[in-house]
Amino acid sequence: MGVTSIANVNADLGAEDSLDELVALARMIAYARQVAQDVKLPFATNCLDLALEAVKQEVGEGLTRDLAELSSPVPQVSVKRH
C-alpha cells in the first residue's frame, strides 16, 4: 500500500466521520424543533426547520431517504451558485 493509497483511505474515513456528525446534528436539530413546536415557539420552529433542511442538503441525496423521519414542512430549494 503506497502513500497515495493511505491518504485515500484516511480521506474516506474522514468523510464518513463527517457524514456521521452531520446525521447526528440533523437528529439534534429535529429534536429541538419538536420541542419548540411542543412549547409553541413558532419562530424557533421555523428557524430550526431551515437549519434542518440545510443540514439535509449538506448530507446529500444519498442519505436524504435515511433522514426521512426528520422531515420538516420547508420545501427543498437549491442554494447552490448558478
query: Consider Val74 against the criteria (1) at pLDDT 90 or above; (2) surrounded by 14 or more Cβ atoms within 10 Å (Cβ to Cβ); (3) part of a loop (DSSP other than H, G, I, E, B): it satisfies all of them except one. Which criterion is unmet?
result: (1)
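Conditions tested, residue by residue: (1) part of a helix (DSSP H, G or I); (2) surrounded by fewer than 17 Cβ atoms within 10 Å (Cβ to Cβ); (3) of a type outside the set (Phe, Trp, Tyr).
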site	(1), (2), (3)
Asp17	yes, yes, yes
Asp20	yes, yes, yes
Ala26	yes, no, yes
Arg33	yes, no, yes
Lys40	no, yes, yes
Leu50	yes, yes, yes
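The values are calculated or read from the model by the stated rules, or taken from the named source; none is laboratory data. The structure displayed is predicted, hence computed values, not measured ones. Positions of Cβ are backbone-derived with ideal geometry, glycine not excepted, and every protein chain shown enters the neighbour counts.
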